[in-house]
Amino acid sequence: MSENKNILQDLHGRNHAYLRISLIERCNLRCSYCMPEEGVPLAPKSHLMTYEEIYEIAKTFVKHGVTKIRLTGGEPLVRKDIPVILEKLATLPVELSITSNAVIIDKFIDVLKEHGVNKINLSLDSLDREKFKYITRRDQFDIVYKNMLLLIEEGFNVKVNVVLIKDFNENEIIDFINLTKDLPIVVRFIEFMPFDGNKWDMGKMVSYAEVMTYVNASFSKENIQRLQDAPNDTSKNYKISGYKGSFAVISSVTNPFCDSCNRLRLTANGQLKNCLFSSTESDLLTTLRSGNSIEPVIRKAVQAKLKVRGGMDTLEKLQEPKLHNNNRSMITIGG
Ligand code: SAM
Ligand code: SF4
């Protein structure tokens, strides 16, 4: 049998055209759902990809069909050489985007524009300053909110990620949707997911169904429009008639969208993760540094990708601490 030439196609027929690159394990916030309070052990700097290595690895993925690259972290903008990374990646024929907590994004407006980065996903879990401080363990609400408005004013395409947590911010669902009345943003409610050290339990998660119960209780049926989701979209998209923006739910826990998954993840220390939930990793950086081709390593990693959520195909398995605690903390995966 001849070997499939497409190294980014897995055994379930999924093609991977989207690479998310984590640039850094550090962050200027400390979100409790993302990292343990005591922090995470950080890889020594020499174990992290340099900008040249990021470029080399990205180039290989693009050669094999990647058309979208999203930079994430930790907080990608905290990385000192971010302008050079953007400059290098902007030479590749890809749509380049970034996920940021927006604390310092006002300093990067020009550099983002210069390198064609138009799509920004920013994290904002509460519209209440005290609650923001509680969940992020830092008092930065005012600047993040101001920066969200600045990005909109500067013409960026802005999505706002809200991780919903029971008894914390579920009472803000409608406030967030009301933001879309005058702001042309997409608010994306994310089901709280389990990762190492984030004290997840099913009871803390607000499900897609629960979000829609709040929505149905607050808006009339005729005004709630179900939008067409884009191919490979991870979210279920909605709009309130007449509102400038829209909202969506990312339901990785109650409604996994693995069938259409086209994503691969590269950690800041050069490990390829074939799934957000997978506890296995493939070491591209050591292979690159030893002068060998990373292509066979990529092929093997992609072929090993399991059909659903790194093998946690049922809610029961997802709730099994020994299964999800083998994974990294989200801060070192890159959301
Ligand atoms: N620092 C940047 C930020 O916060 O946008 C980028 C990295 S962050 C890890 C990427 C995304 O992952 C954020 O939108 C964050 O809300 C989300 N995230 C982190 N931990 C999560 C969890 N346990 N469940 C669901 N989403 C999570
Ligand atoms: Fe930092 Fe983003 Fe994680 Fe919050 S979600 S701690 S901002 S990496």
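The values are calculated or read from the model by the stated rules, or taken from the named source; none is laboratory data. Note that the structure is a prediction, hence the values are computed from the model and not measured. Please note: Cβ atoms are built from the backbone with ideal geometry, for glycine as well, and neighbour counts cover all protein chains shown. We work out accessible area using only protein heavy atoms, side chains counted, and drop any ligands, DNA or RNA first. Shrake-Rupley method; radii C 1.70, N 1.55, O 1.52, S 1.80 Å.
For Glu56, the solvent-accessible surface computed with a 1.4 Å probe is close to 80 Å², ligands and nucleic acids excluded.
For the chain, DSSP calls about 30 percent of its internal beta bridges antiparallel.
In region 227-295, the convex hull through the Cα atoms has an average projected area of 6.9 nm², a quarter of its surface area.
Label separation (Gln303 vs Gln228): 3.7 nm, computed from points 7 Å beyond Cα along the C-beta direction. Over region 27-103, one equal point on each Cα, no solvent: what is log10 I(q)/I(0) by the Debye formula at q = 0.14, 0.15, 0.20 Å⁻¹? Values, matching the q order: -0.54, -0.61, -0.98. With N counted as the residues of region 1-153, its alpha-carbon radius of gyration over 2.2 N^0.38 Å works out to 1.17.
Per-residue surface analysis assigns Ser218 an accessible area of about 60 Å², computed on protein heavy atoms at 1.4 Å probe radius.
Ranked by solvent-accessible area (1.4 Å probe, protein heavy atoms only, all chains present), the residues Asp167, Asp182, Asp139, Asp10 order from largest to smallest as Asp167, Asp182, Asp139, Asp10.
For region 104-205, the relative contact order works out to 26 percent when only alpha carbon pairs closer than 8 Å and six or more residues apart are counted. Over region 212-257, the alpha carbon radius of gyration divided by the compact-protein estimate 2.2 N^0.38 Å works out to 1.20. Net charge dipole, the chain: roughly 560 debye, given to the nearest 20, about the Cα centre with Cβ charges of +1 for Lys and Arg and -1 for Asp and Glu. With Cα atoms as the point set, region 18-328 shows a radius of gyration and Dmax of 19.1, 61 Å.
Shown for the chain: cysteine residues without a partner Cβ closer than 4.7 Å, namely Cys27, Cys258, Cys261, Cys275. What is the projected area of the convex hull of the Cα atoms of region 192-335, averaged over all directions, in nm²? The directionally averaged projection comes out at 10.5 nm².
Site pair Lys80 and Thr67 shows an inter-label distance of 3.8 nm when each label is modelled 7 Å from Cα along Cα→Cβ. Ordering Ile250, Leu285, Ser260 by Cα displacement along the dipole of region 225-334 toward the positive end leaves Ile250 in first place; charges were set at the Cβ atoms of Lys, Arg (+1) and Asp, Glu (-1).
So what is the relative contact order of the chain, in percent, for Cα pairs below 8 Å that sit 6 or more residues apart? Working shown, then result.
Numbers: 634 pairs, mean separation 73.5, N = 335.
Taking the mean separation of contacting Cα pairs over the length of the chain, I get 22 percent.
Computed on region 220-335, with alpha-carbon pairs under 8 angstrom and 6+ residues apart, the relative contact order is 20 percent.
Here Met312 sits with roughly 10 square angstrom of accessible surface, probe radius 1.4 Å. Counting only protein chain heavy atoms and rolling a 1.4 Å probe, the accessible areas of Lys63, Lys119 rank, largest first, as Lys63, Lys119. Under a Gaussian network description of the chain, with springs only between Cα atoms under 10 Å, the residue in Asn232, Asn118, Asn15 that fluctuates furthest is Asn232.
Filter the cross-link list Lys68/Lys88; Lys166/Lys273; Lys119/Lys166; Lys88/Lys119; Lys59/Lys273; Lys45/Lys204 down to pairs whose alpha-carbon distance in this structure exceeds 23 Å.
Pairs exceeding the cut-off: Lys166/Lys273; Lys119/Lys166; Lys45/Lys204.
Region 145-180 and region 291-322 have Cα centres separated by 32 Å.
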